[in-house]
Protein chains: 2
Amino acid sequence: MTGRDGGAALAPIGNSPVVILVRPQLADNVGAVARAMGNGGLFELRLVAPRDGWPQAQAWRTASGADRILDAATVHATVADAVADLQHVFATCPRPRHIVKPVLTARGAASELREICGRGLRAGLLFGPERAGLDNDDMACADALVRYPLNPGFMSLNLAQAVMVMAYEWWSAADTTPPRELMTNETVVATKRDLENFLTHLVAELDASGFLRNQPKRPGMVRNIRHLFQRGEVTEQELRTLHGMVSELAQGRHQRGR
Amino acid sequence: MTGRDGGAALAPIGNSPVVILVRPQLADNVGAVARAMGNGGLFELRLVAPRDGWPQAQAWRTASGADRILDAATVHATVADAVADLQHVFATCPRPRHIVKPVLTARGAASELREICGRGLRAGLLFGPERAGLDNDDMACADALVRYPLNPGFMSLNLAQAVMVMAYEWWSAADTTPPRELMTNETVVATKRDLENFLTHLVAELDASGFLRNQPKRPGMVRNIRHLFQRGEVTEQELRTLHGMVSELAQGRHQRGR
């Protein structure tokens, strides 16, 4: 959502699948496709019979800096020509009918593409024109179809969005980021001893203030306070802030009490 | 990529997260966001201080039929107002810095959102403006940040693309489609007996034609032919076609031999 990146960042990373747009209509979409490819680490673009010819300046305007992908794009007269040097071809297809062919999810396709490309084989992904999608002859050129799991009640998917999902899955298939991690930057998560020091400080001031004066309820109240602060990972910096807050609040009371 | 769907298909499916666009600039993007939401089964849209006011006719033009989502969108002066009735808020953020907060992948966030929404709690997803992204005050309203695994060399992500990835992950988190399955439609995968019948037919005709006349090599050649036809799932319809092809090819030879 932010930033524009130089062409150097768009150099191919290893052996990645070729994106093949079949009879694309709008240059806007071709540019947006190039941008989505860059986002997901796909770098080689081929165009089969683009409706308005090629190149189209408008594509570079919507590519948001993914110029290098557009500069290197090649144009082909037929799907057969565009896939001639490839060893595996997958075709995205929202609703295949009367076709006997393996159907992959986007995630399944990404996983297989990583395996195929990892063996040094060249793979391609076919995407159909904006309105009609791939026709039966196009799909006959593919080893397998790719169908995304999406709301069947609203499958109208923009071309660049279709490429985005596949590019995202391609990148994700090699990503090892844990699903949840605490971002701590310059500070670190506090140890239990540090947390205990703070809780001792807090409870002492609460006792002094009279907040915990109901002796029968006091143990439960203290336990609930402990639970609250134990719930998330508290950082050392946050503990320093909390110590300061408690001290200042208590000091105000002490001063008024004087 | 194909089809336009009626508004009825865009009725909310269960309890799904609210999409909150913070200070969006372009009506084109708001419309494209609505379309991506429909694709991924998200239905409630809120706009915080849209730059050019609201409504904007252009948004409906780029929504490709996701009108119902735009019709129901609400406008809010501040992020705090837009999230006031929600119980969990996640903020998408390509590169968080100096923030101590859990960071989720898109997939991790989708999994947690399914769990949260499944408990009947209301959740929201914050997306920042096109260029600047969310600011520090926006992010302070969130329980966790969401960062997508994408090419760090080219992170410039279109707003609608950012929503598409999250909507796709939301839908996928509840999807149980196997990563690969054979699409057979009206026909079914042939049994091994049917396949064996065809191979017997084929080998008999190959014997008759003289193709397998090299007796020392014959067993290996027959085995290779068997391997070829065993490699994929062959359907009953395809076996009928193969029987016909072999019969016709052999008949031509028989006729020429007469």
request  = Can you tell me which residue among B:Gly40, B:Gly7 is modelled with pLDDT of 95 or more and out of contact with any strand residue (DSSP E or B) (no Cβ under 8 Å at 6 or more places or on another chain)?
outcome  = B:Gly40
note = Of the residues in segment A:100-119, those that are open to solvent by less than 20 Å² (accessible area, probe 1.4 Å), facing chain B (nearest Cβ under 7 Å) and of a type outside the set (Ser, Thr, Tyr) come to A:Val103, A:Leu104, A:Gly108
request  = Kindly indicate whether B:Thr177 is β-branched (Val, Ile, Thr), under 25 Å from A:Ala140 (Cα atoms), surrounded by 14 or more Cβ atoms within 10 Å (Cβ to Cβ) and at pLDDT 90 or above.
outcome  = yes
message = Suppose we filter segment A:58-99 for residues that are β-branched (Val, Ile, Thr), within 26 Å of the chain's Cα centre (by Cα) and within 14 Å of chain B (Cβ to nearest Cβ); how many remain?
response = 3
request  = Quick one: count up the residues across segment B:120-137 that are within 12 Å of chain A (Cβ to nearest Cβ) and either open to solvent by 10 Å² or more (accessible area, probe 1.4 Å) or assigned to a loop (DSSP other than H, G, I, E, B) (or both).
outcome  = 8
task = Output yes when any residue across segment A:48-57 is more than 14 Å from every other protein chain (Cβ to nearest Cβ), surrounded by 21 or more Cβ atoms within 10 Å (Cβ to Cβ) and assigned to a strand (DSSP E or B), and no when none is.
result = yes
inquiry  = Name the single residue that is farthest from the other protein chains (Cβ to nearest Cβ) among those in segment B:22-38 being touching a residue at least 40 places away in the same chain (Cβ under 8 Å) and part of a helix (DSSP H, G or I).
reply    = B:Val30
ask   = When both residues are 6+ apart or on different chains and their Cβ atoms are under 7 Å apart, which pairs have a first residue that lies in segment B:80-92 and is part of a helix (DSSP H, G or I), and a second that is modelled with pLDDT of 95 or more and open to solvent by 20 Å² or more (accessible area, probe 1.4 Å)?
value = B:Ala82/B:His76
message = I'd like the full set of residues that are open to solvent by less than 70 Å² (accessible area, probe 1.4 Å) and either part of a strand (DSSP E or B) or under 11 Å from B:Ile20 (Cβ atoms) (or both), limited to segment B:58-77.
response = B:Ala73, B:Thr74, B:His76
query = Just a yes or no: is a residue in segment B:220-233 surrounded by 14 or more Cβ atoms within 10 Å (Cβ to Cβ), free of Cβ contacts under 8 Å to residues at least 24 places away in the same chain and farther than 30 Å from A:Ser111 by Cβ?
reply = yes
ask   = Does segment A:145-161 contain at least one residue that is within 14 Å of another protein chain (Cβ to nearest Cβ), open to solvent by 10 Å² or more (accessible area, probe 1.4 Å), touching a strand residue (DSSP E or B) at 6+ places or on another chain (Cβ under 6 Å) and assigned to a loop (DSSP other than H, G, I, E, B)?
value = yes
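The values are calculated or read from the model by the stated rules, or taken from the named source; none is laboratory data. Quantities reported herein were computed from a predicted structural model and do not represent experimental measurements. Counting neighbours? That spans all protein chains shown, and the Cβs are built from the backbone with ideal geometry, glycine included. The accessibility values were calculated without ligands, DNA or RNA, using every heavy atom of the protein model including side chains. Shrake-Rupley method; radii C 1.70, N 1.55, O 1.52, S 1.80 Å.
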